[in-house]
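Below you will find the structure I want to go over with you.
Please treat every number below as a calculation from the coordinates, not as lab data. Every value quoted in this text rests on a predicted model; they were computed, and no experiment measured them. We place every Cβ from the backbone using ideal geometry, glycine too, and count neighbours over all the protein chains shown.
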Amino acid sequence: MRATLCVEKEGDQGGGSRSVSPCLRGESPLALVTSYAGRCVFFDRDGIVNASPGADRYVLCWEEFHLLPEFVEVLRVVRAHGYQAVIVTNQRAVARGLVSATEVEAMHRKLRDLLSQKYQLDILDVAYCPHDVGECDCRKPSPGMLKAMAAKHGLDLAASWMVGDAETDIEAGRRAGCRTIRVNGDETVSKADWRVATMKDLPVLLERVL
């Protein structure tokens with residue numbers, strides 16, 4: 001079954017969302033392009049932006065969302081090099097009824113407010129997949145969220161990067177045409193272009209490759 005992914009409205013304070021279906025509704029990509037264009041670093045969320053809640057567990061409220069200080073430094077490097085930053089995250093907890101879409105979007109608004117007000121940093125957009133396995137074209141390792149963000153914001157996927165801590169993130173990035181960086185990978189084999197052991201190592205690598 002095909003389903004649409006959730007992309008949060010820019011500047012929306014009302015908790016709403018809009019659906020953007022990558023290449024499913026026949027919209028011209030030009031109709032979705034905003035004033036942003038060019039290169040981007042896409043980030044997975046849990047374990048990259050915020051502390052991972054652990055295997056088969058979910059961040060269900062803002063009080064459980066613990067921003068990683070290492071991500072703040074990573075984002076500072078990314079923006080200093082002229083790249084946009086977008087979060088693309090699977091949020092299966094919505095499909096399982098553990099958290100609502102409204103609650104997920106509220107967490108993301110608070111994240112963006114925190115980054116802006118405390119650190120003077122910005123994220124271009126946040127896309128999340130609220131579906132369960134096999135229900136959509138957007139859940140990673142599908143590249144649907146990355147392609148939808150590229151269409152919406154005029155991003156060049158071939159000049160962009162995907163950063164994640166799971167091989168599903170790497171596969172999504174590769175299928176979208178991005179270069180990839182794997183963080184904290186336990187597997188001995190990864191198809192990522194680059195690997196780092198921890199988030200603390202990522203700023204140094206990004207300074208080299210961006």
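Please enumerate, by chain and number, the lysines with C-alpha under 27 Å from the C-alpha of residue 152, excluding those fewer than 8 residues away in the same chain.
Partners found: 9, 110, 140.
Per 0.36 nm of contour for each residue apart, how much would the distance between residue 103 and residue 63 grow if the chain were fully extended, relative to their Cα-Cα spacing?
My answer for the length gained is 13.2 nm.
Taking neighbour Cβ counts within 10 Å as the exposure measure, how do 61, 40 sort from fewest upward? All intermediate terms of the calculation are to be shown ahead of the outcome.
Numbers: 61 12, 40 27.
Exposure proxy ranking, most exposed first: 61, 40.
For segment 35-209, what D do you get in µm² per second when you plug the Kirkwood radius from alpha-carbon pairs into Stokes-Einstein at 25 °C and 0.890 mPa s?
Values: Rh = 16.1 Å.
Translational D for this selection: 153 µm²/s.
Can I ask one more? Out of the GluC sites (Glu not before Pro) in segment 111-210, which ones are loop residues according to DSSP with at most 13 other C-beta atoms within 10 Å?
Loop-located and lightly packed - 187.
Residue separation times 0.36 nm, minus the C-alpha to C-alpha distance between residue 168 and residue 81: what's the value?
Gain on extension, residue 168 to residue 81, equals 28.7 nm.
May I pose another question? So which trypsin sites (Lys or Arg not before Pro) in segment 159-207 end up in coil per DSSP with only 11 or fewer other C-beta atoms within 10 Å?
191
Round to a whole angstrom and tell me the spacing of the C-alpha centers of segment 148-162 and segment 99-121.
If you average the Cα positions of each part, the centres end up 22 Å apart.
Using Cβ contacts closer than 10 Å as the measure, can you line up 58, 119, 83 from fewest to most?
Arranged by neighbour count, lowest to highest, 58, 119, 83 become 119, 58, 83.
Would you order 75, 111 from fewest to most other beta-carbon atoms within 10 Å of each residue's own beta-carbon?
Ascending Cβ contact count within 10 Å gives the list 111, 75.
Check each of the trypsin sites (Lys or Arg not before Pro) in segment 85-124 and keep only those in coil by DSSP with at most 12 other C-beta atoms within 10 angstrom; list them in order. Don't jump to the answer; show the numbers that get you there.
Details: sites: 92, 96, 109, 110, 112, 118; in loops: 96.
Sites meeting the loop and neighbour criteria: 96.
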